[in-house]
1. How big is the Kirkwood radius of chain A, worked out from every pair of different alpha carbons and given in Å to one decimal?
2. Pairwise over distinct Cα atoms, reciprocal of the mean inverse distance: report the Kirkwood radius of the range A:96-232 in Å, one decimal place.
3. Please compute the modelled spin-label separation between A:F10 and A:V60, points set 7 Å along Cα→Cβ, answer in nm with one decimal.
4. Out of A:M215, A:S229, A:V246, whose Cα points farthest toward the positive end of the dipole of the range A:208-267 (charges: +1 Lys, Arg; -1 Asp, Glu; placed on Cβ)?
5. Which one of A:P114, A:I262, B:Q191 has its Cα pushed farthest toward the positive end of the charge dipole of the protein assembly as shown, where Lys and Arg give +1 and Asp and Glu give -1 at the Cβ?
6. Could you tell me what percent of the accessible area of chain B is made up of carbon and sulfur, with a 1.4 Å probe and every protein chain present?
7. Whole-Å semi-axes of the protein assembly as shown's equivalent ellipsoid, largest first, each the root of 5 times a Cα gyration tensor eigenvalue?
8. In whole Hz, with x marking every Gly and Pro, tabulate ³J(HN,Hα) for the range B:280-297 from phi via Karplus 6.51 cos²θ - 1.76 cosθ + 1.60, θ = phi - 60°.
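The values are calculated or read from the model by the stated rules, or taken from the named source; none is laboratory data. Quantities reported herein were computed from a predicted structural model and do not represent experimental measurements. Note that each Cβ is placed from the backbone with ideal geometry, even for glycine, and that neighbours are counted across all protein chains shown. In case anyone asks, the SASA skips ligands and DNA or RNA and just uses the protein heavy atoms, side chains included. Shrake-Rupley method; radii C 1.70, N 1.55, O 1.52, S 1.80 Å.
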Amino acid sequence: MLAFMIRRIFQSIIVMIVVALISFLLFRFVGDPVNQMVGIETTPEQREALRVQLGLNDPVLTQFWRFIWGAAQFDFGISYQFKQSVAEMIGKRAPATLELSLMSAIFAMLVGIPMGVYTGLKRDSWLSKFFLTFSLVGISLPTFLIGILLIYVFAVQFQVLPSFGRGEVVQVGFWSTGLLTASGLKALILPSITLGLFQMTLIMRLVRSEMLEVMRTDYIKFARARGLSRKAVNFGHALKNTLVPVITITGLQLGSVIAFAIITETVFSWPGMGLLFLQSVQNVDIPIMAAYLMLIGFLFVVINLIVDLLYVAVDPRIRVTGLAQ
Amino acid sequence: MSDQTAPQIDIVEKGMLARALDSDIFFSFRQSKIVMAAAVVTLIYFSMALFAPWIAPHNPFDLASLDLMDGLTPPAWEEDGVPQFLLGTDDQGRDLLSTIMYGSRISLAVGFASVAFAAILGITLGLISGYFGGFIDTVIMRIADIQLTFPSILIALLIDGTVSGLFPESRREDSAFWVLVLAIGLSFWVQYARTVRSSVLVEKEREYVQAAKLIGLKPLIIMFRHVLPNVLGPVLVIITINLALAVITEATLSFLGVGIPVTQPSLGTMIRIGQDFLFSGEWWITIFPGAALAILVLAVNLLGDWLRDALNPKLR
């Protein structure tokens, strides 16, 4: 058990170092940082002075170490385009992205699980078939198209929901939240649905297949034989056992939700990290790109690690193979 | 005597086409009307893309023929529509139907090129990884693992941003196509490498590989001439499904503004252009290319699903 955990954490650290190395190589070698920071009228001497000051003449390994050390303290340098601290810019925009991702995950679970249970219990009803076809179409449509369709229907035709921005936000400490105002909540609806739709279909299909599997098992038959009510069997016994994989998948998907927020944020002009990253890609603003990559990488590694360790805690079979390896 | 040999001759004389029409795969094809419809739709798209310069009513890339006065014409059946522009025009006065034809051409070209690139890269690395094993296998598979933890759209975005950063500003429009192919191809290779590697691990223990080794063939020849043809089945399925994914990724990147430039719009670029006009009532600029994209992706996806089931012996 302990050996498995140590090995798993060690692997995560290696992945993180590789991600950091890629970020650093981007940062250091794509375009000359000095060229990006100074104007045309700067003399070669001034450039050289800036090079020394930034430590660009030091050995690459020293620079890499400095980069990692800086990243560990949330210091990612200065944006070429905005001349502001990258960490501060990302920090300011993080709440928008995180609230959006959280709401879309909640939406995906609240809608996906009941739909999955229904299609699993009543396989042959026309509503189940409709749900399944609908989910196939949902998977085939690209995210940005779904967003545009939602905007066209709800913002242009019916004019009931806003199509861009966060609405009114309230500052709670360092966190700016849109969850406390009516316009902020309204602004969240369309983006959350757009972002959560894919996860919703995923959860629905997962719950459906798990339900089909569980309903065949002996303990469900026994529960029925004991004369328990249908509700108690379906929800108390069957659903409970399908939820472990659902929670795992949702957890693992959280990272991709945050990454896919790039697209949703562009469609809805949502002032989050994804939009910032996209603008940095368009303007070749390397420090922001590198910082975003590090951040997402860190998130993915941590989520994967937590899920793996939880699995070890829950499932004794993994513990055995972990020891054997 | 002649009675016994007759049927054998019959089998031999059946042409390739007849045998193909008699096969299990074609049988399962004829079983499903949806799959047949998907195949027809896909064929229409392919021919539209191939023959766009000849069948499109206008040439949307020819700036001289564009007239800004024609801009924002609604579809022919709406008020103010003209029969000359069946699906209306965009803000530049480009005929939408022609632009969709040319746009599918670019989208499918990027799709095919990037899938081919990903497949060649992935298959080669998978073969090497599975056949030689050891250190080189560990390195390739670790890289694949790390890449697999990130969504492919993020990797494509990063590669796209980095590579276009290496080009000077003036060259970016010309290089956009190949940068996209590189970005999408590099974000998709992992699946091929993993699939091929696992098949190779099984195949290389077989007698025919041992025999090939025994007669002194070089590893490269054994890998590509003997092992490769036997591991291609699953790869074919991935290629079909990846084609739909690659078209989506191209459209997404173009929509995000880092893909194909506006002068030669792909489907994604057109949707991006049209989004600004959604609120002023010019819905057709977005909706028609969007529908064209959705139908294309759905059709290719359905074909991929069918192929996966048809080639899977467990489901027969």
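1. Result for chain A stands at 23.0 Å.
2. It works out to 17.1 Å.
3. 2.7 nm
4. Result: A:S229.
5. A:P114
6. 65 percent
7. Its equivalent ellipsoid spans semi-axes of 39, 35, 32 Å.
8. Working through the residues one at a time gives 8, x, 8, 6, 5, 5, 8, 5, 5, x, x, 5, 4, 5, 4, 5, 4, 5 Hz.
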